[in-house]
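Q: Quick one: the structure is below, questions incoming.
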Amino acid sequence: MAMHTEMLYEWFQAQGGSIDTSSIGITEFPLYGRGGVALRNIEAGQTLFSVPRELTLSIRTSSLPNQLGEGAWKQFGLDSGWSGLILCLMWEEAQGDASKWSPYLRTLPSTFDTPIFWDEDDLCGLQGTAVLNKIGKNEAERDYTEKVVPAIQSRGDIFPADAVPQYYSLQRYHIMGSRILSRSFHVEPWSSDEESETDGVVQAVGDSAAPMEIDVEMPSAESGFTVEPGEENPENATEEVEIAEDEEDDDSENPADVAMVPMADMLNARFGSENAKLFYEKHELKMVSTKFIKAGEQIWNTYGDPPNSDLLRRYGHVDVLPLSSPLTGEGNPADIVEIRADLVVDVAVNALKNQPQERVDWWLENADDDTFVVLTDCEVPEELVSFVRLLLFPQDEWEKIRNKGKLPKPKVDIALLFIIADVLRRRAQDYPTSLEDDELLLAPGKVEELSLNGKNAAIVRLGEKRILRGTLQQVQSMEEKLRASMAGSKDKKRGRDSQNASTSVRGKRSKR
Ligand SMILES: C[S@@+](CC[C@H](N)C(=O)[O-])C[C@H]1O[C@@H](n2cnc3c(N)ncnc32)[C@H](O)[C@@H]1O
């Protein structure tokens, strides 16, 4: 491992990469694998290393797409999704030392803790979580069979038959896919045309189609490296590079923007810990410290602080930190629970005097999503309240809403809270174990008996269940308050009115 890292350094610098070896080292961290370490105090705004654009590995820089030809590339469907980039990685690896990226490829892992490699027993532990339906193993295997295999078979000159078992097997396909999933970045091409039309605010090309927002948060520049919106010299203008979202999250992502970035992918990330970030310029990408980093501390990139379900699925690890109110204990503050609209309909159906299908169809057309997302603040999502109201409305109210084309306001009443509490209880039954079971499994003295997969699955489940419990508690306290306001009313009229009492749900729109 150490030898590979040393060779990586040599290769990186020989290829025009530059690294401040007095500031950053690569070392092995017991819980995180290899990672960057500060070798001395580092001020915010310092460039730790720079990667020439031509050293990134993508379908823009690999010569395979040209060799296969643009027509064939499209004909085999390699221009959509990740199959094209995966084939490039396989092909570059098959070239051995003739590939420019050979020393880099040798540093990449070939085993992963991600659920795509889990056996059935381990996968059962993920039942009910936001992981299971998103693993995408079948879709990947379909791409391999329908796109990659025909491309390989069409050109024995580029993909010699005797190299197929070693370099182009389904297993290698999964390994390359996992390398991309856990290590790639979203890197857009530089366009000087666009920046000149933006009032001096530097914008990434195709910004609107980017899978994640590119903000203009920049490191404070205490040591010479200035990155500011309104940069005057486009040669020095800089944009932030996002670690790639997976393909299914955004169909509009251009697969050519997904790139492996040597050296940058050596940095680990942990919720809320980011102290360095990748920015891009015309000719190179720069890893820049975004905070003061003390000598000896780990240099953390950011993976966008996803929930543990996504961390496990994409990277094979989970984050466990102290949680804040209303939750207690430890977990990932970015955790979420997903509640499908069809579960809500199932639960609400007994209370309905109407056939919900027409309203459900209208909702799906007019609202964002068929899934409601609850965060660790345990607030009932406004969209969930709005959806249940829509289902419960008497016919005339429903017709009004439909004619106006506006979603119902997120106001709660006792009947609605009753349904939401039931939804939360039903959702908790989707898991193979109870919250108490998982707390016991993860208790000191017991947790050591779990396999790594078993432990990670239990952490994901427990994080989601704590949110469900916290949200149920919030719903119950809202219900108590509403009942108290009803009981407290003295005159009969006020009592009658409060039967219909309603209150607005506070909080933000939930974000996926
Ligand atoms: C971009 S790579 C970082 C370099 C990696 N540690 C290595 O040895 O090559 C991402 C991988 O690092 C590990 N990793 C990153 N952040 C971690 C964390 N907070 N906890 C545990 N493992 C982490 C995971 O295995 C993840 O798939």
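Q: Restricting to DSSP loop positions (anything but H, G, I, E, B) with no more than 16 other Cβ atoms inside 10 Å of their own Cβ, which GluC sites (Glu not before Pro) remain in region 292-367?
A: Glu297
Q: Jot down the per residue volume, in cubic angstrom and as a whole number, of the convex hull over the alpha-carbon atoms of region 64-182.
A: Convex hull of Cα atoms, per residue: 109 Å³.
Q: Assigning unit charges at the beta carbon (Lys, Arg +1; Asp, Glu -1) and nothing else, what dipole magnitude in debye, to the nearest 20, does region 322-387 show about its Cα centre?
A: Around 300 debye, computed over region 322-387.
Q: Could I ask something else about it? When only alpha-carbon atoms count, how far does region 357-422 stretch along each of its three principal axes, as whole angstroms with the largest first?
A: Principal-axis extents of region 357-422 (Cα, largest first): 35, 25, 19 Å.
Q: Please give the per residue volume of the convex hull enclosing the alpha carbon atoms of region 330-504, rounded to a whole number of Å³.
A: Each residue corresponds to 134 Å³ of Cα convex hull volume.
Q: Also: Between Gln473 and Ala351, what is the label-point separation in nm under the 7 Å Cα-to-beta-carbon projection?
A: The two pseudo-label positions are separated by 2.3 nm.
Q: Still on this structure, I have one more. Which value in Å does the Kirkwood hydrodynamic radius of region 83-149 take, with 1/r averaged over all unlike C-alpha pairs and then inverted?
A: Radius from the Kirkwood sum: 14.3 Å.
Q: Out of region 303-345, which trypsin sites (Lys or Arg not before Pro) are coil in DSSP terms and have no more than 16 other C-beta atoms within 10 Å?
A: none
Q: Measure of size requested: the Rg and Dmax of region 412-462, with Cα atoms as the atom set and Å as the unit; please supply both.
A: Answer for region 412-462, Rg first and Dmax second: 15.0, 46 Å.
Q: I would also like to ask the following. Over 28 Å between Cα atoms, which of Lys137/Lys455; Lys134/Lys411; Lys74/Lys137; Lys353/Lys409; Lys134/Lys409; Lys100/Lys294 qualify?
A: Lys134/Lys411; Lys134/Lys409; Lys100/Lys294
Q: Can you work out the FRET efficiency for the pair Lys411 and Leu31, with r the C-beta to C-beta distance and R0 = 60 Å, to the nearest 0.05?
A: The formula returns an efficiency of 0.85 here.
Q: Sort Val344, Val388 so that the residue with the fewest other Cβ atoms within 10 Å of its own Cβ comes first and the one with the most comes last.
A: In order of increasing Cβ crowding within 10 Å: Val344, Val388.
Q: Also, quick follow-up: Amide H of Leu285: which non-local residues (sequence gap of 5 or more, or other chain) have their own amide H closer than 5 Å, using H built in the peptide plane?
A: Val51, Arg53
Q: Further, regarding this structure: Estimate the FRET efficiency between Asp369 and Arg142 by the formula 1/(1 + (r/R0)^6), using the beta-carbon distance for r and 30 Å for R0, to the nearest 0.05.
A: Here the calculated transfer efficiency is 0.75.
Q: From Cα pairs below 8 angstrom and at least 6 apart in sequence, can you work out the relative contact order of region 364-440, rounded to a whole percent?
A: 27 percent.
Q: If I take R0 = 30 Å and measure r between the Cβ atoms of Ala163 and Asp20 in this structure, what FRET efficiency does the formula 1/(1 + (r/R0)^6) give, to the nearest 0.05?
A: Efficiency, rounded to the nearest 0.05: 0.15.
Q: Between Arg483 and Phe292, what is 0.36 nm times their sequence separation minus the Cα-Cα distance? Round to one decimal in nm.
A: Contour length minus the Cα-Cα distance gives 63.6 nm.
Q: If you don't mind, another one. Just to confirm the filter: which trypsin sites (Lys or Arg not before Pro) across region 379-422 are DSSP coil and have at most 13 other Cβ within 10 angstrom of their Cβ?
A: Lys406
Q: Shifting gears a bit: Using +1 on the beta carbon of Lys and Arg, -1 on that of Asp and Glu, and nothing else charged, what's the dipole of region 64-182 about the Cα centre, debye to 20?
A: About 320 debye.
Every number in this text was worked out from the coordinates using simple rules, so none of it is lab data. Here the structure is a predicted model, which is why all the values come from computation and not from measurement. Ideal geometry is used to build each Cβ from the backbone, glycine not excepted, and the neighbour counts take in all protein chains shown.
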